[in-house]
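To keep things clear, I will list the structure first and then write my remarks on it.
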Amino acid sequence: MRLSVDGFASLFSRRTLIATAAVGTVALVALGAFSWKSTQPAAAAPEPVVRPARVATINFRSHMHSLMLAGTVVPRIETTLGFRVAGKVISREVDVGAIVQPGQLIARIDPTDYRLAVDNARAALVSAEADYARAKADFERYQMLRGSASFMTQTLETRQSVSSTTQARVDQAKSQLASAENNLAYTELHADAAGVITAVQAEVGQVLAQGQGMVKLARSEELEILVGVPEHRLKTVRDATRVTFELWSDTGRKYAAKLRELSPSADPMTRTYPARFTVVDQPPFIGIGMTASLIIARPDAELLAEVPLSAIFQQGKEPAVWVVDKATSSVSLRPVTISRWRDETALIASGVQNGDIVATAGVHKLEPGQKVKPVLPGAR
C-alpha cells in the first residue's frame, strides 16, 4: 500500500513533534535538578585530626661513661702445696673443690724412714751427752789438783778443750734431732691458710721429690675480678673514678671494686690486657670461679639529654626528633646531634633545649604542623 504525499507529511510532523517534546522534557528535568542542587548549602571542611602522642621532657644533665667487661672471680693468691721432704704418698684427704681451713690435713707420705732418722738422732744425742758428762767430770776433778805437785797446766787445758768439744757435740746432736723430728712432721701436708682446693697434682702411691706439687690451694681471704681490657679502653680503665661489679648469680646488686693491677703487656691469645680489681665489698655468697660483670664509670664533661630510641626519627642520614610546641600543640621536626647510643636510649648533645617536649612514640606517623595531644609517661 502506498502512502500519499499528504499522509507522509502528516506522519513526519507527528514524529517530529514527539521527539521535540521528549527533548524538552529531559531539559526541564535537568534544569530542575540543577536548580535544586544549587539551593543546597555547601559541605563543611573536615576538622584536622588531633593524635595522642607520648612525649618526654628534655632534661640535660651529667651522665656516666659506662664500660662493662665480663670477668671471673679469682683469688689474689693461689699457691701450690707440696711436701718439704721426698717420699711415697700413702693417703690424700681432699679432692678438687674441697674447702679447707688452716692446719687441716691434706695428704701423708710414708714416715718410716723419717722415724728411723729420729731414733738415730736421739741415740746420737744420748751418746754425746754421756761423753760430755765424762769430759766435764774429768775437767772439774783436775781443777781440784791445782797447786799440787801432779798439777800441770797443759793437762788442764787439754781436759778443758775436750769438755768444750763434747759440749759442742751435744748441741750438734740436739740440732740433728730437731731436724729429724721436723722431717718426720713434714710427712704430713697441712693447709697453711683457708681456701679451696683447685687442683690435685699427685695421687696415692706416687713417689714425690722434695718440693714437688701435691695440690693447688686458692686462698679465699682476698678475692679479685680478672678481666681482659681491649687496648682502646686502657685509658678508660686507668682514669676510672668508680668501679663496681655484679655477679651473674645475683644480678641487680652492685658491689665496689678497685683496680689493683693492669698488665703492661697483652695476652698473646686474646690480645687483651689482663686487669685485676680487688673486691672491696665482698658478698657473703661469692665464690671462686663465678662470672662477674665489671662496670667502669666516669662522669662526662658535657651535659647530655637522654631520650628513648623510639623518639629518634631518621631524616635522611641525620637523626631528628619531633618537638611539640607548648602553645599550639603542633609538631615540628628538628635535627639533633647524638653523642652516644645505648641499648634502649640515645644521649642527645645538641639540637634541642632544656625543657623542650619531644614525641617518643609513633614518630613515623607524624607530619610537620600536625596537632597532637601530649600523653605523659605512665599515663593510660
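The values are calculated or read from the model by the stated rules, or taken from the named source; none is laboratory data. Since we're looking at a predicted model, the values are computed, not measured. Note that we place each Cβ from the backbone using ideal geometry, even for glycine, and neighbour counts take in every protein chain shown. Surface accessibility is based on the protein's heavy atoms, side chains included, excluding ligands, DNA and RNA. Shrake-Rupley method; radii C 1.70, N 1.55, O 1.52, S 1.80 Å.
Order 214, 269 by their accessible area, 1.4 angstrom probe, all chains in place, largest first. Don't jump to the answer; show the numbers that get you there.
Details: 214 0, 269 165 Å².
Putting 214, 269 in descending order of accessible area: 269, 214.
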>> I'd like the distance between the alpha-carbon centres of the range 172-237 and the range 341-380, rounded to an integer number of Å.
In response: 61 Å
>> Can you give me the solvent accessible area of residue 90 with a 1.4 Å probe, rounded to the nearest 10 Å²?
In response: 80 Å²
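Where does each of 131, 343 land when they are ordered by accessible area, with a 1.4 Å probe and the largest first? Intermediate values should be presented prior to the final figure.
Values: 131 50, 343 150 Å².
Solvent-accessible surface, decreasing: 343, 131.
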>> Not counting ligands, DNA or RNA, and with a 1.4 Å probe, what is residue 152's accessible surface area in Å² rounded to the nearest 10?
In response: 100 Å²
> What is the set of long-range amide H partners of residue 340 at a cut-off below 5 Å, with H atoms built 1.01 Å from backbone N?
Replying inline: 347
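Percent of Cα-Cα pairs more than 15 Å apart in the range 66-127, please.
71 percent
Based on the mean of other Cβ atoms within 10 Å per residue, sort peptides 222-230, 306-314 so the most packed one is first.
Top of the packing list down: 222-230, 306-314.
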> Roughly how large, in nm² to one decimal, is the mean projection of the convex hull of the alpha-carbon atoms in the range 94-207?
Replying inline: 10.1 nm²
